[in-house]
Amino acid sequence: MGEPILRLEALDKSFGALHVTRAVSLDIRPGEVHAIIGPNGAGKTTLINQITGQLTPDAGHVRFKGHDVTGQSVHERARLGLARTFQITSVMPAMTARDNVVLAIVSQSRQGFRLWPDAQLRAQGRAAADEALATVGLGRRAGVIAADLAHGERRALELAMALAQQPALLLLDEPMAGTGKGETERLTELLRGFKRRIPMLLVEHDMGAVFALADRVSVLVEGAIIATGSPAEVAASSAVKTAYLGEDITP
Amino acid sequence: MAMTAANDNNPPPIWPRIAASPALGWGVIGLIGLAMIAGAAFGQPFWLTMATRIAVFAMAALALSFVLGQGGLVSFGHAAYLGLGAYAVGIGGEHGLAEITLLLPLAALVGAAYAALTGLIVLRTRGVHFIMITLAFAQMAYFVFTSLSAYGGDDGLTLWARPTLFGFDVFKRDIVLGLGVVALLALLYGLLTRVVASPFGQTLQATRQNEARAEALGIDVFRARLVAYTLSGAVAALAGAFLAIATGFVAPAYMHWGRSGELIVMVVLGGTGQLGGALIGATVLMLLEEGLALVSEHWKLWLGLILIGLVLLRIGAIARLLRGGRHG
């Protein structure tokens, strides 16, 4: 199976008396889509923030591509190939869709501090950006200011930016949140197209999407992982059923 | 979406779409230069003096606009760089340094150094804290020079002669000095406009529009801000150097916080979205001050009322008006 892309080793995090992450260990193998599910308040966002570097765990380690990145900043991890989408769509509102993706490409190739315009670099960036936009179905919206895009389109744009970073791991924080049914199906289909090529960590409430995409599912309850396994195994687990208080989590 | 719009502190995306119109800025620079030539030709020294002052403050406002408009960093201490540049010339002159090709780089270096050093601290703060701490560092510089009795202290320092250019005493003539300021203003405006269009310009705008997203794209936001802040400090110090040369005098008053506020008013008045706005804002504010002072003893009251009116008419109104109200 090879070395895991991401390995969390006994992560622990408290905010005052609130113990939000309890000894979480988890790994993501090359080519794997690993979903994290859990009820609201289970500590999913806190866990993600420790993976991306916004939060530093009180104890434990985050290893990404074999490096211990526990003490590294958000942008350092991003440069190593950790790309993400946010729960609340996050793009550059005043830039066009194309410029948003060019920004991702330029930053990824570490050209973002060049103080002089470069026509060739720009042309290359635009071409690559248009390609990424076409992949997510925004080919004709490249020149539109991001703030003027529809919600679903901004979601797709954010995904195009993450893909343009040529990620070693794609972290998707509730990508289906706030999207309609048709949009959810379209996004699921799109993500399925990247399966095997790009490992993904998927935090999601939409069980349909989780079951359609995930190779393995981990269940986070009150800061601790109570089960990890194939979607079918997890759905059948009695511990999971209890944690969800009888909610039916099969799609 | 309100969420994303709130992260962009420039007026809504009217600006970026038309940001590629640096012609406005060039027009202003051309007019300032013409006013100088007209002043010299028609024997109106006041026009020349006024136009030179406008060019100097346009340069300082340009520097502030770069960090404030592009980077979203509301520095309330940019007068410090004006003063530091002026003192570089003043103190350099005291020690026999009178060559402008050395004085200007010295001023820029001093400005850049103070910006880089204080930037390491101030850029770790945000919002109101950033405003207060830039103000604090400027006041610190102000009080240091107030108590620096070797160089005039509170009373300031008189420059007995104007610097030379490659040993020639060309700046003795006011028109040469004036056009020299305009030439440097044009050069800096050209350079900064290119920087705004460069990958770094995009990076800087990204840090303003959405810091979290910028970090997630691998952008070292702190470093980007530090580079911009340092560059801005150098440009503002160049303006200060010319302020000292033009007035023949350097005083701590150049660093007073009121002057920092004035620079912010200039930038906001002209519109923060593009660099040319700062040139317009500086010109309009200085002409207003001068014009109102001719008309009324209570000109500051009138100026205040006019500024309030302009802000109520929406920030950036002047630039939109000049553009024919296409987006008004």
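The values are calculated or read from the model by the stated rules, or taken from the named source; none is laboratory data. No experiment lies behind these values; they were computed from the predicted model shown. Cβ coordinates were reconstructed from backbone atoms using ideal geometry, including for glycine residues, and neighbour counts include every protein chain displayed. Note: areas computed on protein heavy atoms with side chains; ligands, DNA, RNA excluded. Shrake-Rupley method; radii C 1.70, N 1.55, O 1.52, S 1.80 Å.
Summary table below
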{"item": "Which listed residue, of A:V106, A:V91, A:V136, is of a type outside the set (D, E, K, R) and out of contact with any Leu (no Cβ under 6 Å at 6 or more places or on another chain)", "result": "A:V106"}
{"item": "Identity of the residue in the stretch B:284-326, closer than 21 Å to B:G25 by Cα and exposed (fewer than 13 other Cβ atoms within 10 Å of the Cβ), that ends up modelled with the highest pLDDT", "result": "B:L287"}
{"item": "Check on A:G143, farther than 25 Å from A:I51 by Cα, open to solvent by less than 20 Å² (accessible area, probe 1.4 Å) and not assigned by TED's automatic domain parsing to the domain that holds A:A35", "result": "no"}
{"item": "Odd one out for B:A116, checked against (1) surrounded by fewer than 22 Cβ atoms within 10 Å (Cβ to Cβ); (2) touching a residue at least 12 places away in the same chain (Cβ under 8 Å); (3) within 23 Å of B:A186 (Cβ to Cβ)", "result": "(3)"}
{"item": "Subset of the stretch A:5-19 [of a type outside the set (D, E) and over 20 Å from the mean Cα position of the chain (by Cα)]", "result": "A:A10, A:K13, A:S14, A:F15, A:G16, A:A17, A:L18, A:H19"}
{"item": "Sole residue being more than 20 Å from B:M59 (Cβ to Cβ), buried (at least 24 other Cβ atoms within 10 Å of the Cβ) and not aromatic (F, W, Y), chosen from B:L217, B:L226, B:L243", "result": "B:L217"}
{"item": "Boolean, A:L157 is more than 8 Å from chain B (Cβ to nearest Cβ) and buried (at least 24 other Cβ atoms within 10 Å of the Cβ)", "result": "yes"}
{"item": "Spans of strands (runs of 3 or more DSSP E) in the stretch A:3-67 with at least 1 residues touching a strand residue (DSSP E or B) at 6+ places or on another chain (Cβ under 9 Å), polar (S, T, N, Q) and surrounded by fewer than 20 Cβ atoms within 10 Å (Cβ to Cβ)", "result": "A:6-15, A:18-28"}
{"item": "One residue from B:F222, B:F249, B:F242 being within 20 Å of the chain's Cα centre (by Cα) and either within 14 Å of another protein chain (Cβ to nearest Cβ) or at pLDDT 95 or above (or both)", "result": "B:F242"}
{"item": "Yes/no for B:G152 being touching a Leu at 6+ places or on another chain (Cβ under 8 Å), open to solvent by less than 80 Å² (accessible area, probe 1.4 Å) and small (G, A, S)", "result": "no"}
{"item": "Residues of the stretch A:96-111 classified as facing chain B (nearest Cβ under 8 Å) and surrounded by 24 or more Cβ atoms within 10 Å (Cβ to Cβ), total", "result": "5"}
{"item": "Test result for A:G208, in contact (Cβ under 8 Å) with a residue 24 or more places away in the chain, among the small types (G, A, S) and either within 23 Å of A:R22 (Cα to Cα) or open to solvent by 60 Å² or more (accessible area, probe 1.4 Å) (or both)", "result": "no"}
{"item": "Any hit, the stretch B:184-194, residues being within 12 Å of chain A (Cβ to nearest Cβ) and buried (at least 17 other Cβ atoms within 10 Å of the Cβ)", "result": "yes"}
{"item": "Residue list for the stretch A:95-129, filter: among the hydrophobic types (A, V, I, L, M, F, W, C) and over 28 Å from A:L202 (Cα atoms)", "result": "A:F113, A:L115, A:W116, A:A119, A:L121, A:A123, A:A127"}
{"item": "Scope the stretch A:80-95; condition assigned to a helix (DSSP H, G or I) and open to solvent by 50 Å² or more (accessible area, probe 1.4 Å); matching residues", "result": "none"}
{"item": "For B:G273: the one exception among (1) within 14 Å of chain A (Cβ to nearest Cβ); (2) within 30 Å of A:A78 (Cβ to Cβ); (3) assigned to a helix (DSSP H, G or I)", "result": "(3)"}
{"item": "Breaking point among (1) farther than 30 Å from A:L159 by Cβ; (2) buried (at least 22 other Cβ atoms within 10 Å of the Cβ), for B:T207", "result": "(1)"}
{"item": "Helices (runs of 4 or more DSSP H) completely within the stretch B:163-252 that count 2 or more residues being among the polar types (S, T, N, Q) and in contact (Cβ under 8 Å) with a residue 60 or more places away in the chain", "result": "B:199-209, B:221-247"}
{"item": "Hey, A:L157 at pLDDT 90 or above and either part of a loop (DSSP other than H, G, I, E, B) or closer than 30 Å to A:Q108 by Cβ (or both) or not", "result": "yes"}
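Conditions (1) in a helix (DSSP H, G or I); (2) within 11 Å of A:V33 (Cβ to Cβ); (3) modelled with pLDDT under 90, marked per residue:
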{"residue": "A:P167", "(1), (2), (3)": "no, no, no"}
{"residue": "A:L171", "(1), (2), (3)": "no, no, no"}
{"residue": "A:G182", "(1), (2), (3)": "yes, no, yes"}
{"residue": "A:R186", "(1), (2), (3)": "yes, no, yes"}
{"residue": "A:E189", "(1), (2), (3)": "yes, no, no"}
{"residue": "A:S218", "(1), (2), (3)": "no, no, no"}
{"residue": "A:T228", "(1), (2), (3)": "no, no, no"}
